[in-house]
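> Questions regarding the structure given below will be posed in turn.
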Amino acid sequence: MSLPQIVPGKTRVGWIGTGVMGSSMCGHLMNAGYSATVYSRTQQKAQTLIDRGARWAATPRAVAENSDVVFSIVGFPADVREVLLGEQGALSGAKPGVVLVDMTTSQPSLAVEIYDTAKQKGVHSVDAPVSGGDIGARNAALSIMLGGDQAVVESLQPLWEAMGKTIVYQGLAGSGQHTKMVNQTLIAGGMIGVCEALLYGYKAGLDLPTVLKSVASGAAGSWSLSNLGPRIIDNNFDPGFFVEHIIKDLGIVLKESRRMGLFMPGLALAEQLYQGVKAQGHGRDGTQSLILALGKMAGVNWRQRMSTH
């Protein structure tokens with residue numbers, strides 16, 4: 001199969017899924033000079049891109065029929081399967097030589113299935129999950145984890161550079177998704193630490209923004225502490241990444257770990273805590289809303305703490 005030639009003003013980009021992150025990511029590609037055809041389950045979510053000149057497509061198949069490289073970033077593995085392999089999925093409309101790039105955090109086994117199915121049709125496939133949340137998407141500062149044929153991945157370098165800062169090839173199909181599972185394991189355990197630490201600081205009577213000045217730049221520092229810690233303090237639980245999506249991701253990790261014979265009790269605890277967050281009605285809030293569930297367990301109404309402290 002021939003490799004794609006990426007040329008601003010000539011290469012046609014397709015984008016499936018214009019949610020919290022997808023809209024910004026597609027916007028960066030348009031800023032870099034690539035024309036875009038977009039699809040989302042609700043056209044309203046794509047309206048900002050359409051207003052900027054993107055072409056609307058009624059189905060993922062129609063996106064692929066008008067694109068050289070098709071990106072997808074949707075919610076769950078079932079959504080990935082539908083928009084890529086379904087009857088009206090992108091693969092059904094992709095011509096030989098087109099590249100399908102799934103940036104959803106999804107199952108490694110599904111990434112391999114998409115790769116194998118696409119290859120039979122002469123279509124390339126890359127799994128390219130990302131880390132960095134809505135902030136990284138807006139700032140074109142994402143970490144992009146890449147799996148697939150190395151030559152294909154490298155040929156898309158101008159597109160990766162328009163969206164991210166840390167761009168690393170991990171190996172064959174599915175390797176990008178496996179790397180994202182490592183990332184999610186780190187994130188989930190780290191968020192427990194962030195939330196419990198802030199609860200401790202609150203109960204100790206400390207001024208939390210002042211505490212962050214000391215700890216965020218030391219050995220305890222992390223992306224979650226620096227970026228989501230202030231949101232937690234400000235009662236801002238808007239999603240950079242949905243609780244229901246981290247539950248999905250941790251479920252994938254647990255399934256893969258069982259398949260590999262790994263025992264991951266810390267991850268299992270994080271998954272159970274996030275199930276509790278969802279049960280309390282925060283499934284569509286950001287992952288930092290874990291503080292609400294942990295606070296409730298500790299007898300702290302986090303949202304009302306400032307008026308009662």
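Read-outs: derived from the displayed coordinates by stated rules, not from any lab. Predicted model, so just to flag it, every value in this text is computed and none were measured. Ideal geometry is used to build each Cβ from the backbone, glycine not excepted, and the neighbour counts take in all protein chains shown.
> Using Cα atoms only, what is the angle between the long axis of helix 243-259 and the major principal axis of the chain, expressed in degrees (0 to 90) to the nearest 10?
80 degrees
> Test of understanding: what is the full-extension gain from Y200 to M260, defined as 0.36 nm times their sequence separation minus their Cα-Cα distance? Please list the in-between numbers first.
Numbers: separation 60, 0.36 × 60 = 21.60 nm, distance 3.63 nm.
Difference between extended and current length: 18.0 nm.
> Further, regarding this structure: In the neighborhood of V253, defined by Cβ-to-Cβ distances under 14 Å, what is the net charge if each Lys or Arg adds +1 and each Asp or Glu adds -1? Can you show the working numbers first?
Values: positive: K180, K248, K255, R258, R259; negative: D249, E256, E271.
Taking every other residue near V253 into account, the sum is +2.
> For the range 62-118, which GluC sites (Glu not before Pro) are in a loop by DSSP, counting at most 10 other Cβ atoms within 10 Å? Before the final figure, lay out the partial values.
Values: sites: E65, E82, E87, E113; in loops: E87.
Within the range 62-118, the qualifying GluC sites (Glu not before Pro) (loop, at most 10 other Cβ atoms within 10 Å) are E87.
> If you take every residue apart from L142 with its C-beta less than 13 Å away from the C-beta of L142, what net charge results, scoring Lys and Arg +1 and Asp and Glu -1? Mind dumping the intermediate values first?
Working: positive: R138, K165, K180; negative: D134, E161.
Summing Lys/Arg as +1 and Asp/Glu as -1 gives +1.
> So, one more: Beyond a 29 Å Cα-Cα separation, which of these cross-linked pairs lie in this structure: K10/K121; K10/K45; K10/K180; K165/K213; K165/K203; K10/K165? Walk me through the numbers before you get to the answer.
Working: K10/K121 24 Å; K10/K45 26 Å; K10/K180 31 Å; K165/K213 26 Å; K165/K203 38 Å; K10/K165 24 Å.
From the list (K10/K121; K10/K45; K10/K180; K165/K213; K165/K203; K10/K165), the Cα-Cα distance tops 29 Å for K10/K180; K165/K203.
> Still on this model: Could you work out [θ]222 nm for the chain from helices alone, using -39500 (n - 2.57) per DSSP H run of at least four and dividing by all its residues? Round to the nearest 500 deg cm²/dmol.
On the way: 16 runs with 156 residues, N = 309.
Result for the chain, helices only: -14500 deg cm²/dmol.
> I need the peptides 272-281, 19-28, 162-171 ranked by packing, meaning the mean over residues of other C-beta atoms within 10 angstrom, with the highest value on top.
Numbers: 272-281: 16.5, 19-28: 22.6, 162-171: 18.2.
The packing order, highest mean first, is 19-28, 162-171, 272-281.
> Cβ under 13 Å from T105's Cβ, T105 left aside: what net charge do those residues give with Lys, Arg +1 and Asp, Glu -1? Can you show the working numbers first?
Numbers: positive: K180, K248; negative: D79, D102, D127, E244, D249, E256.
Charge balance near T105 sits at -4.
> Which residues in the range 9-23 place their backbone N less than 18 Å from a point set 7 Å from the Cα of D51 along the Cα-to-Cβ direction?
18-23
> Quick one: grab the alpha carbon gyration tensor of the range 12-173, order the square roots of its eigenvalues as a ≥ b ≥ c, and give me rounded if a/c is under 1.5, else prolate or oblate depending on whether a/b is larger than b/c. Numbers along the way, then the final one.
Details: a/c = 1.43, a/b = 1.09, b/c = 1.31.
Cα axes put the range 12-173 in the rounded bin.
> Now for a different question. So if I place +1 on the C-beta of Lys and Arg and -1 on the C-beta of Asp and Glu, and nothing else carries charge, what would the dipole magnitude of the range 12-173 be about its Cα centre? I want it in debye, nearest 20.
Working: 12 positive and 14 negative charges, 76 e Å.
Using only the charged Cβ atoms, the result is roughly 360 debye.
> Using 0.36 nm per residue, how much length does the chain from Q43 to I135 gain when fully extended, once their Cα-Cα distance is taken away? If you can, show how the numbers build up before the last one.
Numbers: separation 92, 0.36 × 92 = 33.12 nm, distance 2.32 nm.
Roughly 30.8 nm would be gained on extension.
> May I pose another question? Normalising by the residue count of the range 179-308, find the relative contact order in percent from Cα pairs under 8 Å and 6+ residues apart. It would help to have the intermediate numbers written out before the result.
On the way: 124 pairs, mean separation 42.5, N = 130.
It rounds to 33 percent for the range 179-308.
> Now, a different point. For M297 and A268 in one chain, what is 0.36 nm times their gap in residues minus the Cα-Cα distance, to one decimal in nm? Before the final figure, lay out the partial values.
Working: separation 29, 0.36 × 29 = 10.44 nm, distance 1.81 nm.
Roughly 8.6 nm would be gained on extension.
> Modelled label-to-label distance, T117 and T210, 7 Å Cα→beta-carbon offset: nm?
5.8 nm
> Take the Cβ-Cβ distance between Q5 and D234 as r, set R0 to 45 Å, and report the resulting FRET efficiency rounded to the nearest 0.05. Show your work: numbers first, answer last.
Values: r = 46 Å, r/R0 = 1.03.
The calculated FRET efficiency here is 0.45.
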